[in-house]
Amino acid sequence: MSGSSAKSDISIRLLEIFDAIMRCGTTVEAAEQLGISQPAVSNGIRQLEAQTGVTLFERLHRRLQPTEEAVALHEDIKPVFGLLRGFASRAQDMRQGISGRLRVIATPPLGHTVAPIAMRRFLKDRKGVSVAYDVRRLEHVVEAVQSGNADLGLALGLDRHMAVNVEVLARTHMVAVLPKGQETDGNTVTAATLADSDFIGLEIESRLGQMVRSAFERDGAAYNPRVEVRYCATAAVLVAAGIANAVIDPYTAAFNRSIGIVERSFLPPIEVAAVLITRKGIPRSRLQHAFISEMRKALSDFETAGVRTSPVRSSRDDG
């Protein structure tokens, strides 16, 4: 084998060490995660740098600082190691005798409301099934599904995405929420009404925040929130404290009625879809179909309970 060929044959173990350091930040933590010694990690990085001819880390004050080249290369291999970690996790489940494992990640509006109900029903008669569950921001949900670190993603307001499959489970509308005891006359609240007083806005960089701002613009109302928050649940808490009114998703509103808020229809209407996010090119397992079916039922139950949704039926998810 020639010298140039030998340099191109970089072992998966060296890349694994590189990935661990990039994620952990130190050789000590990387060694603990990989179950090897700290010198072995340091030697692996030196060997990888020698083989690639690229300086990956600067040694600063006994710490490794990734170079720009290291960051760029790590972006290329992250999806690979996401898949490998998923494979290792599934293999461990099989070795422990677990019959199935489902990895679900959701944004807060669904992750803290409807999805837990679906999960309780899903697990009730499946004693041999475990679930890895996380609630994160939308960009993290998409990334986890795309990289193979999650089987299913749940979110609000995502119409489409080039990197993943997006399927609508139900359609609903954002609602205005007011402190209990400070309700307005009538069943609706307009953007113009909110603009005439203090109101709580959603982070404008978020998809829901952009949708609310667009509704104000359609109504010719100024969008100048007195308080801006990242999550609808945070807005609900501030509304209950009597700070101001807000526009949030109906699921979060329904789950926070007990803390002292009331809901009103919001005009102009802001339609928002509850969506399922899956990885492209990967067939759904029976566990995934079962959970999706429970999710559809839970969304339908919310409609019955007074949350105005329009479930989107699919025969694929009845199994």
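Put the Cα centre of segment 146-187 next to the Cα centre of segment 15-57 and the gap is 41 Å. One chain, two ends: ASN165 and HIS61. Fully extended at 0.36 nm per residue, the span grows by 33.0 nm beyond their Cα-Cα distance. Once a ≥ b ≥ c are taken as the square roots of the eigenvalues of the Cα gyration tensor of segment 38-150, is the result rounded (a/c under 1.5), prolate (a/b larger than b/c) or oblate (a/b not larger than b/c)? In terms of gyration-tensor shape, prolate.
Going by alpha carbons, how many degrees (0 to 90, nearest 10) lie between the helix axis of 286-304 and the longest principal axis of the chain? On a 0 to 90 degree scale, this one is about 20. Estimated from the Cβ-Cβ distance and a Förster radius of 30 angstrom, the FRET efficiency linking THR304 and GLU29 is about 0.05.
Here, segment 175-269 has an Rg and a Dmax of 11.6, 33 Å when only alpha carbons are counted.
Cα extents for segment 3-90 along the principal axes, largest to smallest and rounded to whole angstrom: 35, 35, 23. With respect to the chain, whose longest principal axis is taken over its alpha-carbon atoms, helix 68-95 is tilted by about 80°. Counted by Cβ distance under 13 Å from ASN224, the other residues give a net charge of -2, where Lys and Arg count +1 and Asp and Glu count -1. Taking a point 7 Å from the Cα of LYS280 along the Cα-to-Cβ direction, the residues of segment 160-191 with backbone N closer than 15 Å to it are 160-167.
Debye calculation, C-alpha points only, no solvent: report log10 I(q)/I(0) for segment 101-221 at q = 0.16 Å⁻¹, in the same order as the q values. Scattering profile of segment 101-221, log10 relative to I(0): -0.90. The dipole here belongs to segment 3-90: it is taken about the Cα centre, uses +1 on the Cβ of Lys and Arg and -1 on the Cβ of Asp and Glu, and is about 240 debye. Each peptide in 271-282, 245-256, 126-137 was scored by the mean count of other Cβ atoms within 10 Å over its residues; highest first, the order is 245-256, 271-282, 126-137.
Taking a straight Cα-Cα cut-off under 15 Å and skipping sequence neighbours fewer than 8 places away in the same chain, the aspartates and glutamates within cross-link reach of LYS124 are GLU294.
Label-to-label distance, GLU68 versus GLU205, with points set 7 angstrom from Cα along the beta-carbon direction: 2.2 nm. Close amide-amide hydrogen proximity is noted between ILE261 and LYS180, each under 5 Å apart and 5 or more residues distant or on a separate chain (H modeled in the peptide plane; Pro and chain starts excluded). If you fit an axis through the alpha-carbon atoms of helix 114-124 and take the longest principal axis of the Cα set of the chain, what angle between them do you get, 0 to 90°, nearest 10? Here the helix axis deviates by roughly 60 degrees.
When only the Cβ of Lys, Arg, Asp and Glu is charged (+1, +1, -1, -1), the dipole of segment 177-254 relative to its Cα centre reaches about 160 debye.
The candidate values were (i) 53; (ii) 45; (iii) 58; the one computed from these coordinates for percent of Cα pairs over 28 Å apart carries the label (i). Taking amide H atoms as placed 1.01 Å from N in the peptide plane, the amide H of THR67 lies under 5 Å from those of PHE57, GLU58, each 5 or more residues away in sequence or on another chain.
Distances between placed amide hydrogens fall under 5 Å for LEU102 paired with SER130, VAL131, ALA132, all partners being 5 or more residues away or on another chain.
Coordinate-derived values only; no laboratory data. This is a predicted model, so every value here is computed, not measured. Note that each Cβ is placed from the backbone with ideal geometry, even for glycine, and that neighbours are counted across all protein chains shown.
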